[in-house]
1. Among 103-113, 86-96, how do they line up from the highest to the lowest mean number of other beta-carbon atoms within 10 Å?
2. Sticking to Cα atoms, compute the Rg of the chain to one decimal and its Dmax as the biggest Cα-Cα distance, whole number, in Å.
3. Would you kindly calculate the mean projected area, averaged across all directions, of the convex hull enclosing the Cα atoms of the stretch 57-116, in square nanometres?
4. Taking 0.36 nm per intervening residue step and subtracting the Cα-Cα distance, what contour gain separates GLU67 from SER100 on full extension?
Amino acid sequence: MEHTGYIKVPPNLDAIFAALADSTRRAILSRLADGQASVNEIAAPFEISQPAVSRHLKVLERAGLIEREIDEQRRPARLKAEKMAAAVDWLTKFKAFWGSSFDQLDDVLIQLKRNKI
């Protein structure tokens, strides 16, 4: 863990969030949650080229979210979900804030309803 500003941040957290910021990469991760797949299998539902899918896979691999093996002529990709845990852990630190913010919003909405009646 490295310190950035006020809190400890796991190394590679920026790369993880950058990888997750793209909808195609999130869809690829969802596909890999069902099991490993080749580039061609991953590319099938997308309207983008196989080289473009390969570039997305490289981003995910650099972020540590997937790993790829050489299996004869295929290079199947496999999900490494433990790296996503770093992002979840970091976001969880804000859960109490979200809860109190929603509670405050509920109070405001209740007050607005009372004033309208």
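1. Working: 103-113: 9.8, 86-96: 11.9.
So the peptides 103-113, 86-96, ranked by packing, come out 86-96, 103-113.
2. Final numbers for Rg and Dmax: 20.0, 72 Å.
3. Details: hull surface 25.7 nm².
The orientation-averaged projected area of the Cα hull of the stretch 57-116 comes to 6.4 nm².
4. On the way: separation 33, 0.36 × 33 = 11.88 nm, distance 3.85 nm.
Fully extending the segment from GLU67 to SER100 adds 8.0 nm.
Bear in mind that the values in this text are calculations on the coordinates, not laboratory data. Computed from a predicted structure; not experimentally measured. Please note: Cβ atoms are built from the backbone with ideal geometry, for glycine as well, and neighbour counts cover all protein chains shown.
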